[in-house]
1. Could you run through the range 122-135 and say how many residues are touching an Asp or Glu at 6+ places or on another chain (Cβ under 6 Å) and open to solvent by 50 Å² or more (accessible area, probe 1.4 Å)?
2. Test each condition in (1) touching a residue at least 24 places away in the same chain (Cβ under 8 Å); (2) open to solvent by 40 Å² or more (accessible area, probe 1.4 Å) for residue 87 and report the one that comes out false.
3. Do we find a residue being outside any loop (DSSP other than H, G, I, E, B), touching a residue at least 24 places away in the same chain (Cβ under 8 Å) and surrounded by fewer than 17 Cβ atoms within 10 Å (Cβ to Cβ) anywhere in the range 362-372?
4. Report, ordered by the first and then the second residue, all pairs with beta carbons closer than 9 Å, sequence separation of six or more or different chains, a first member in the range 174-186 that is within 14 Å of residue 262 (Cα to Cα) and in contact (Cβ under 8 Å) with a residue 24 or more places away in the chain, and a second member that is open to solvent by less than 10 Å² (accessible area, probe 1.4 Å) and in a helix (DSSP H, G or I).
5. So, in the range 115-167, exactly how many residues are more than 19 Å from residue 250 (Cα to Cα), touching a residue at least 60 places away in the same chain (Cβ under 8 Å) and not in a loop (DSSP other than H, G, I, E, B)?
6. Would you check which residues across the range 187-210 are of a type in the set (A, V, I, L, M, F, W, C) and either without any contact (Cβ under 8 Å) to a residue 60 or more places away in the chain or on the phi > 0 side of the Ramachandran plot (or both) and list them?
7. Check 215, 145, 207 and return the single one that is modelled with pLDDT under 95 and open to solvent by 40 Å² or more (accessible area, probe 1.4 Å).
Amino acid sequence: MARETGANSADGNNFETSRRRFLGSSGLAAIGAVIGGALPLSRNGGMPQAHAQAAAPAAAKAPQYLKFPGKNEGLVVLGEKPLVAETPESLLDDDTTPIEKFYIRNNGQIPEEAKDPDGWKITIDGEVNNKIEITLGELKSKYKAVTRRMVLECGGNGRAGFSPPARGNQWTNGGAGCAEWTGVPLADLLKKAGLKSSAKYTAHYAADLHLSGDAGKPSISRGVRIEKAMDPNTMIVWAMNGKPLPNIHGGPVRLIVPGWAGSASQKWLTRITIRDKEHDGPGMTEFSYRLAIKPMVPGGKADPANFRILESMPVRSIITNPANGAKFAAGTKELKLRGASWAGDLTVKQVDISTDFGASWQRTTLQKPKNKYDWQRWTATLKLPTDGYFEIWARATDSKGAMQPHQAGFWNPQGYGGNAMHRIAVLVG
């Protein structure tokens, strides 16, 4: 399913080096493979060092690349059981993320592909006046389908930026993608079922078996407030980029709850139960997908009473071209930059870039989203004063004025909310 590799070198000016691990009490980032000669390192958590020298800590392992049918082999494996793989930022350079480049996040065992997709049954019950049992085929024929391009992002995206390290898969920025999803608003079915006045929260259930093999134990069961469930952009979908939803991405049918942690977007959806209180399924309690209310000491003892559910994801920007580690010919005087930005339930107001470690900033040209929850692409032309080593930083600001920080802050045991600005290194000459 996965393959081990060392330093990764491509032709000319576009190679991606190995990327990973925050090590030691100082929490400095170190990238595993070595490319080029000895160069000074910018000492800041969250900073990939593309041109790191051989003195990088030994524990900074070479990345393990994904080998899975239909998926790009540039994806980096973060976990085998369950299978988790992230997409390097340079592979997110498309306006619409291709299926083969879309990240993978599982919680349980991957179910077998449905032999009769249109016969797949979805149930809506609980605090409703009319229980609904509907097949995917009926859903397609009885409800008006819509297609929207929307970001799906893992709740732990950016976790690798925390120091001391937080528990869980060590995502950098690659736990996100922006696909075109086709389906029906969940609200259409909830209106048909008739929500009772007691309806407060959804509870999502799926067909993936728990890693233990216990059929009576959900691998994960999260939910959202009824207000979010009724958002017309919260959808039950069966197609991705115009193709039947692949099994690895939850096919034949899944939820998409845009702007919120991807774990709420249940894959292999079988049932939605409406509850009269906050859902308490696996993935909803203690520190799972929760942030500290009062800031806690990094690495300190956490009190579950001081935690709230992670809902809207924080603002984030990434540089998608050039790739981290790109080399350019001597005498290159300008670089054309591209990137993407998004901000949970909000929009992005601006994206700025810096080549002098944040001493000064240059505004990028920011595109408007295609629809709500689409990411916003950006471009910029960067002037280079000389040959040499440059770090390019990207910083987004959301529509309420919140700006990406230099490093992941507000530490929590499972590392949510880490949205340190993205930084790449390039070499000219």
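The values are calculated or read from the model by the stated rules, or taken from the named source; none is laboratory data. Everything quoted here is computed from the prediction, not taken from an experiment. Cβ coordinates were reconstructed from backbone atoms using ideal geometry, including for glycine residues, and neighbour counts include every protein chain displayed. These accessible areas exclude ligands, DNA and RNA; they are computed on the full protein's heavy atoms, side chains included. Shrake-Rupley method; radii C 1.70, N 1.55, O 1.52, S 1.80 Å.
1. Residues in the range 122-135 being touching an Asp or Glu at 6+ places or on another chain (Cβ under 6 Å) and open to solvent by 50 Å² or more (accessible area, probe 1.4 Å): 1 in total.
2. It fails just one condition, (2).
3. Checked the range 362-372: no residue is outside any loop (DSSP other than H, G, I, E, B), touching a residue at least 24 places away in the same chain (Cβ under 8 Å) and surrounded by fewer than 17 Cβ atoms within 10 Å (Cβ to Cβ).
4. Close Cβ pairs (under 9 Å, with a partner that is open to solvent by less than 10 Å² (accessible area, probe 1.4 Å) and in a helix (DSSP H, G or I)) amount to 179/249.
5. 7
6. 187
7. So the residue among 215, 145, 207 that is modelled with pLDDT under 95 and open to solvent by 40 Å² or more (accessible area, probe 1.4 Å) is 215.
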